[in-house]
Structures are given as structure tokens and as C-alpha cells.
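As C-alpha cells, the structure follows; a few thoughts come after it.
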Amino acid sequence: MSRAFANLASSCRAMLALALLSGCGTASVRPDLPPSESDLTLLKSALCERTADFHAKLPAAPKAGRAWGSGQEIRIQQAQSASHADESYFFDEDGRLVGALFTFPQGLDLTPYPVLRRTLSQLKPSLEFYLTVAQLATKANMDTSALFETGDEKSTTQYLVTGSRERPILLAASFTIDPYVRLFSPYRREFLDRLRNPSGGAGGRTVESQGSEDREPFVSLQQFARGQAAQLAYCGDKNYDIAADAYQKAIAGGFTNKVWLAEAHHKLGLAWEAKGELEKAKAEMLQSLAIRPNIPEVLNNLGTVHEKMGDKAAALGLFERAVTLRPNYAVARYNLAEAYEPTNPKRALAEYETFLALVEGNPDEEARAAHVRERIKLLKR
């Protein structure tokens, strides 16, 4: 792989990691989503579907199941699949469909699919690399491949394509709810190997750095994603019991990167807080800060825990630290204003006004902004 392609691959993986770690209270909404229209029908089962419902939809299809970490992968071979792809469906340990992968070892010429071709033409590749596919009909050797990504507010679709822009050939497509996106990139080595070596024999040429596996334990990444999905209500209502269980398993799985480990403790603290276990929440957030100090989100959320525990002084100090580290942190400004209001209304007024300036034009903060406007009216009397 060239240095440029290697750097791009590294950048892509870093961005996926940051995307997975982002967000604390709600599923994040990505602005300016690229187009995602397609006339190629692949995913017929809805993400988050239960295992039993999945089997009921496809009663006649020969299916093979195997372990996928703590969950299950169900495979339908190309010869028996309606899509004429090797189909894999991945369920978490709670029996929810969290991702699906469709691979085309011979490649699928997209000439008959003008809608999908138009979609791809409007997307910029998130990753480019060379790939040899053992059974590719064109017999191309080490051809350039590109990974394209699109999606909606809660899910991501990725297409792995080779060939020219004028005549793209689809090699793989994946669909996943966003917390699991890191585990469903078609660039992952175990998925590339299904193209390079679909029958288990000698496959196409492998570049050593191509499709590098995550350095973190799979079980930790999988359980972290499970916790995110439950905590942020990707499959129905928020479920803090599942979230707490998942984050504990993620930590026990042995994260080696301190960013992942610290955030797992932080998210576990949020789950305990939602369950009313404030001492446990405090302990986990302190552990997060011990691993990775001075993170504004953790300081702010720890301040909220102290406030619920009745320690107003500690809460105020933590909110102060959060806005000092990140002056444009709107939620921490709001919390700081509320903490100051009983004893220092003038400072509270200033913080409320700063909050309004920071969230101007943000529809997600309109309810809180309306409350702040009322507080400002009262404080100005």
C-alpha cells in the first residue's frame, strides 16, 4: 500500500473511533448527510429486529449460525440468497440485529442500478486502497478500491467498490446502527478476507497493513457499542440495565487504550446515575478522570452527580472547571448558571445569557433556551 493510502486508512480509522466515542445523552444527529438513495435492494430486515422475527421472515432460506463475540452471526450463502450475495446478519447478545454485511466475491456490476451509481458519484471516498479479489470477474490484479459511507440519523451504510467511476463494481455493502459502525467497516480484515479468500483456499494477494485489526479486544469494542445502543435508545427505549452490564463487560474485556478505557468508565457512570446509583456513578466518573484528567464532559457530568447528592459546592466547582477548559460548552454553562442562581444571581444571569448566545439557532436546545429566557426575565426584575 502506498504511503498516501496508508495515511488515509489511518485517518479513517481515527475518525470512526472519534465518532463512536462521541455523544453522551442522545443519539447524535449528523448534519449535511450525503445522499443514500439506492435501487439495489439488499437489507430486507430492519436493523434492531429480533432474532425470532428475522427467522420468521426467511423460513425457507438455509441459514448457518456461529458465534460473533457474545452475539451471533447468521449466514446465508450466495447460492441460496435472494440478493445473490453472501449475506451475514449480526445479532447482539440481547437478540437484536445490529448489522448486516453483503459480499459479492465475483463483483456486482452496477450498470443496471443508476440510482445507486448516482449516489456513489456524489460521495467522496472515505478510504482508498488496492485489493485483489480472488474470484473477481474482471480478473483485475491489485485494483484500486474505494469505501463510500452514507447513512441517516441512527444508521450507517458503507459500500466497497472497485472498477472505474463510469463502471463501478460493488464488492461489499454493510448496514449497521451507528454505535457498531467501527465493527462493520468492509475494510476490516476479516471482511476483506471473505473477498480475497471466499472458499477458504488460496486467496488474493494481501497487503500486510491492509484491513488491520483493531488493537483493542473485540469483546470490549462490541460491549461498548452495545452499551451505547442501549444508553442512547438506538433500538427503542433507553435501557440502562443493559448499558451498565455492557460497559462493565467492556472494561473487564481489557481495553489497553486509555481513551477507550476512560470513556467506558464515564459511560458506566452515566448509566449508574440514570439508575439512581449515585455513589457508583461518582466512583466511575472519578476513575475516568484518574485515567484521563480534565475532560470537560466528565467534569460536567460528575458535577451533576454531586448536585444530585446535595454537594452544591463540589458541583459548582466542577461546572467551573468544565467551562474553563471549554468556554463554548453550552450545557456546562447552563448547569453553572443554575448552580449560581441561589447565591449569586448576577453571575447566574451572565451565564444564562452566554448559554443563549452559544445555542442560538440550535433546535435541539430550544426547550432549554425557552426556560433560560424565563429565568433571565425573573433575574432582571
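The values are calculated or read from the model by the stated rules, or taken from the named source; none is laboratory data. This one's a predicted model, so the numbers in the text were calculated from it and none came from an experiment. When we count neighbours, we look across all protein chains shown, and the Cβ atoms used for this are built from the backbone with ideal geometry, even at glycine.
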>> Is it the case, given these coordinates, that ALA370 is among the small types (Gly, Ala, Ser), in contact with a helix residue (DSSP H, G or I) (Cβ under 9 Å, 6 or more places away or on another chain), at negative phi and free of Cβ contacts under 8 Å to residues at least 12 places away in the same chain?
In response: no
> Given the conditions (1) farther than 25 Å from ALA244 by Cα; (2) in contact with a helix residue (DSSP H, G or I) (Cβ under 8 Å, 6 or more places away or on another chain), which single one is not true for THR324?
Replying inline: (2)
> Can you pull out the residues in segment 36-64 that are surrounded by 17 or more Cβ atoms within 10 Å (Cβ to Cβ), in contact with a Ser or Thr (Cβ under 7 Å, 6 or more places away or on another chain) and more than 18 Å from TYR159 (Cβ to Cβ)?
Replying inline: PHE54
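Scan segment 93-106 and tell me whether some residue there is out of contact with any Lys or Arg (no Cβ under 6 Å at 6 or more places or on another chain), over 30 Å from ALA52 (Cα atoms) and touching a residue at least 24 places away in the same chain (Cβ under 8 Å).
Checked against the condition, which is being out of contact with any Lys or Arg (no Cβ under 6 Å at 6 or more places or on another chain), over 30 Å from ALA52 (Cα atoms) and touching a residue at least 24 places away in the same chain (Cβ under 8 Å), segment 93-106 yields at least one hit.
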> All but one of (1) under 28 Å from ALA230 (Cα atoms); (2) buried (at least 19 other Cβ atoms within 10 Å of the Cβ); (3) over 19 Å from the mean Cα position of the chain (by Cα); (4) not hydroxyl-bearing (Ser, Thr, Tyr) hold for PHE104; which doesn't?
Replying inline: (1)
> Do you know which residues across segment 136-193 are within 16 Å of LYS124 (Cβ to Cβ) and of a type in the set (Lys, Arg)?
Replying inline: ARG165
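Would you check which residues across segment 354-367 are surrounded by 15 or more Cβ atoms within 10 Å (Cβ to Cβ) and without any contact (Cβ under 8 Å) to a residue 24 or more places away in the chain and list them?
Correct list: THR354, LEU356.
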>> Need a quick list: helices (runs of 4 or more DSSP H) entirely within segment 204-297 having at least 3 residues that are at pLDDT 95 or above and either at positive phi or surrounded by fewer than 19 Cβ atoms within 10 Å (Cβ to Cβ) (or both).
In response: 240-252, 258-274, 278-291
>> What's the total number of residues in segment 296-320 that are under 18 Å from GLY276 (Cα atoms) and among the small types (Gly, Ala, Ser)?
In response: 3
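Applying the selection to segment 62-76, what residues are under 17 Å from ARG50 (Cβ atoms) and assigned to a loop (DSSP other than H, G, I, E, B)?
Matches in segment 62-76: LYS63, SER70.
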>> Quick check on my filter: what residues within segment 189-203 are touching a Lys or Arg at 6+ places or on another chain (Cβ under 9 Å) and modelled with pLDDT of 65 or more?
In response: ARG196
> For ALA67, are the conditions met, namely being surrounded by fewer than 16 Cβ atoms within 10 Å (Cβ to Cβ), within 30 Å of ARG167 (Cα to Cα), of a type in the set (A, V, I, L, M, F, W, C) and without any contact (Cβ under 8 Å) to a residue 40 or more places away in the chain?
Replying inline: no
>> Exactly one of these conditions fails for ALA79: (1) within 28 Å of the chain's Cα centre (by Cα); (2) without any contact (Cβ under 8 Å) to a residue 24 or more places away in the chain. Give me its number.
In response: (1)
> Looking at LEU116, LEU120, LEU131, LEU97, which one is crowded, with 20+ Cβ neighbours inside 10 Å and within 17 Å of ARG196 (Cβ to Cβ)?
Replying inline: LEU131
> Within the group THR144, THR156, which residue is polar (S, T, N, Q), outside any loop (DSSP other than H, G, I, E, B) and surrounded by fewer than 20 Cβ atoms within 10 Å (Cβ to Cβ)?
Replying inline: THR144
>> With the requirement that a residue be small (Gly, Ala, Ser) and in a loop (DSSP other than H, G, I, E, B), what does segment 77-112 give you?
In response: SER81, ALA82, SER83, ALA85, GLY95
>> Go through segment 28-78 and report how many residues are more than 30 Å from TYR247 (Cα to Cα), at pLDDT 85 or above and not charged (D, E, K, R).
In response: 8
